[in-house]
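Down below is the structure, laid out as structure tokens.
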Amino acid sequence: MTSFLWTLIAIQIVMGVFDTFYHHELTERLAWRPSQRYELRLHALRNMMYAFLFLVLGWLEVYGIWAMLIIAVLVAEVVITLMDFVEEDMSRKLPASERINHTLLAINYGAILVLLLPVLIGWATMPTGIKPAYTGLLSIAAAASAIGAALWGVRDFLASKRLARMTSTPAAGLVEKLSGRQTVLVTGATGFIGSRLVASLTGAGHQVIALVRNPAKADGLPPPITLITSLDQIPADSRIDTIVNLAGEPIGNGLWTEAKRRKILESRINMTGDVVRLIARLDRKPAVLVSGSAIGWYGLWQDQVLTESAKSHACFSHELCDAWENAARPASEHGVRVAFLRIGLVLGTDGGFITRMLTPFEFGLGGPLGSGKQWMSWIERDDLVRLIAHVIATDGIAGPVNATAPIPVTNLKFTEELGRRLHRPAVFRIPDVLLRRVGGDFANELLLGGQRVLPNKALSNGFVFRHETLRSAFEAIL
């Protein structure tokens, strides 16, 4: 075991840790995606093998049959890694950075095997035995790596068992309000909300035209769908019964720099303007346009209850949502019923804001933001899809519609309930001063501000929420 070989092993550990935390946890959030249960089991088994190898190679020299056992573990690790590669390609789309990291891991591991196997083969030819081989800091580092790999292996195994308990409601039943067979154009079809809506519509037998910016992301959408990358691809004589406009640059994935604000605003206004122009040139107009908005339209109101008739306070969120709604309003001039969905915080494990909270809460590091007194008006994702179908099917619904559950909660209550569901404490409060200093308006409006919104229009028009309480929603999705 030369110093160069240990250097390669150290590089392998660093790249593996980066892959685990940046890709598996922060980017892909595998531990909360039921589709990745088998991948997590492979990761768990491989991590336990790494723990065994680190302990043995860091502290011992093994001869005879014990050296053969180490060679067998190395071969098994290669087989499991190949199985993992196949599983990843079949079950999810790997980001480019993860593919590059995997390539570097494979090359470096190949170099390790080239140097390590001759040593092990030589040991295998010797009489069976075990000899201590303490090498100071290298042995200590190997032990620490073994402990880390073993703990993460146990965690991935437990996560895979948890995913086995997480079941999803059949998508087709979410749009049962829609009668006949409708043709629905959906913008933002690959997003967190749009993808579930598309699955519901196709599952129920409706025809879906999905507008996507990146066709590669559409591989996860269930057929049959018609994919387009521009509304100009739709002929004027096309039949479209309904348009659901959800496209827009995400607002919660980065700080609100001037460039980010401009991108957020322009993506919504430009797309909605394109939708209105499509309506204008269609020979047969759709019956309804359900266009996205958000409860940010109301601005920051502290404890005041907000219904669809409430006024607004000026801030960037209001400016964004007001411009978005105004861009959709001209569709009514063509005889189209227009509804603006003022969407709250959408709950689900496949995306949305809550996915960024799950990992710290899982490790007992979650807690309130600032004082925790700010209101969080939320809605479970399947309830949102059902509400969209209800709005489409109900002729009397037009104008703003609050898409939130009827029982909003404070941030303190939200974090307590999430901690209770995950059986973890929720005591690590993040000071509002720190959040404002780091996040500026982003933190002030999205994290520390809040709206106490009630869905009066949905309730008065007969919509029944499946999840009125936060506890019910968490029990359904976690």
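Miscellaneous remarks
- Per residue accessible area in Å² of region 368-418, where ligands, DNA and RNA are left out and the probe is 1.4 Å: 25 Å²
- Under the combined filter of DSSP loop state and at most 12 neighbouring Cβ atoms within 10 Å, region 261-299 retains these trypsin sites (Lys or Arg not before Pro): 284.
- Residue 3 accessible area, 1.4 Å probe, all protein chains in place, Å² to nearest 10: 90 Å²
- Nonpolar atom fraction for region 141-240, defined as the carbon and sulfur part of the 1.4 Å probe accessible area, stands at 57 percent.
- Exposure of residue 407 as accessible area (Å², to 10), given a probe of 1.4 Å and all protein chains: 80 Å²
- Summed over the residues of region 260-360 and divided among them, the accessible surface reaches 41 Å² per residue at a probe radius of 1.4 Å.
- Short-range pairs are left out: with C-alpha atoms under 8 Å and at least six residues apart, the relative contact order of region 310-411 is 34 percent.
- Of the solvent-accessible surface of region 1-82, computed with a 1.4 Å probe and all protein chains present, 78% belongs to carbon and sulfur.
- For the residue pairs 311/457; 93/413; 177/263, the C-alpha atoms sit more than 26 angstrom apart in 93/413; 177/263.
- The string of couplings for region 423-433 from the Karplus curve (6.51, -1.76, 1.60, θ = phi - 60°) is 6, 9, x, 9, 10, 8, 6, 9, x, 5, 4 Hz, one whole number per residue in order, with x for Gly and Pro.
- Of the residues 199, 240, 228, the one whose Cα sits farthest toward the positive end of the charge dipole of region 182-242, with +1 on the Cβ of Lys and Arg and -1 on the Cβ of Asp and Glu, is 199.
- Region 1-150, relative contact order [Cα under 8 Å, separation at least 6], %: 46 percent
- Cα centre as origin, Lys/Arg/Asp/Glu Cβ charges: region 98-252 dipole, Debye: 520 debye
- For region 249-390, size of Cβ-based charge dipole, Lys and Arg +1, Asp and Glu -1, in debye: 320 debye
- Neighbours of residue 274, meaning other residues whose beta-carbon lies under 14 angstrom from its beta-carbon, give a summed charge of +2 when Lys and Arg score +1 and Asp and Glu score -1.
- 293, 97, ranked by accessible area, largest first (probe 1.4 Å): 97, 293
- In order along region 271-278, phi translates into HN-Hα couplings of 5, 5, x, 5, 5, 5, 5, 4 Hz, rounded to whole numbers, per the Karplus curve 6.51 cos²θ - 1.76 cosθ + 1.60 with θ = phi - 60° and x for Gly and Pro.
- Here the chain is assigned +1 on the Cβ of each Lys and Arg and -1 on the Cβ of each Asp and Glu. Its dipole about the Cα centre then comes out at about 600 debye.
- The phi torsions of region 235-249, fed into the Karplus equation with coefficients 6.51, -1.76 and 1.60 and a -60° offset, translate into couplings of x, 5, 8, 5, 9, 10, 7, 8, 10, 10, 9, 10, 6, x, 4 Hz, rounded to whole numbers, with Gly and Pro shown as x.
- Residues whose amide H lies under 5 Å from that of residue 343, counting only those 5 or more places away or on a different chain, are 293, 294, 295, 403; hydrogens are built 1.01 Å from N in the peptide plane.
- Of the solvent-accessible surface of region 418-478, computed with a 1.4 Å probe and all protein chains present, 54% belongs to carbon and sulfur.
- Solvent-accessible surface of region 1-147, averaged per residue with a 1.4 angstrom probe and all protein chains in place: 51 square angstrom.
- Taking amide H positions as modeled 1.01 Å from N, with prolines and chain starts lacking one, the residues under 5 Å from residue 300 and 5 or more places away or on another chain are 313.
- Candidates per chymotrypsin sites (Phe, Trp or Tyr not before Pro) in region 328-395, loop by DSSP, up to 14 other Cβ within 10 Å: 363
- Long-range HN-HN contacts of residue 399 with modeled amide H, under 5 Å: 338, 339, 340
- Extreme residue, positive dipole direction of the chain, given options 60, 451, 159 (C-beta unit charges): 451
- Region 327-478 shape via C-alpha gyration tensor axes, a/c threshold 1.5: prolate
- For region 390-456: rounded, prolate or oblate by the Cα gyration tensor [a/c cutoff 1.5]: oblate
- Given charges at Cβ of Lys, Arg, Asp, Glu: the chain dipole, positive-most of 72, 406, 118: 406
- Surface listing: 83, 376 arranged by accessible area from highest to lowest gives 83, 376, probe 1.4 Å.
The values are calculated or read from the model by the stated rules, or taken from the named source; none is laboratory data. These numbers come from a predicted model, not from an experiment. Every residue, glycine among them, receives a Cβ derived from its backbone with ideal geometry; neighbour counts consider all protein chains shown. When the accessible area is computed, the model is the full protein with side chains, heavy atoms only, and any ligands, DNA or RNA have been set aside. Shrake-Rupley method; radii C 1.70, N 1.55, O 1.52, S 1.80 Å.
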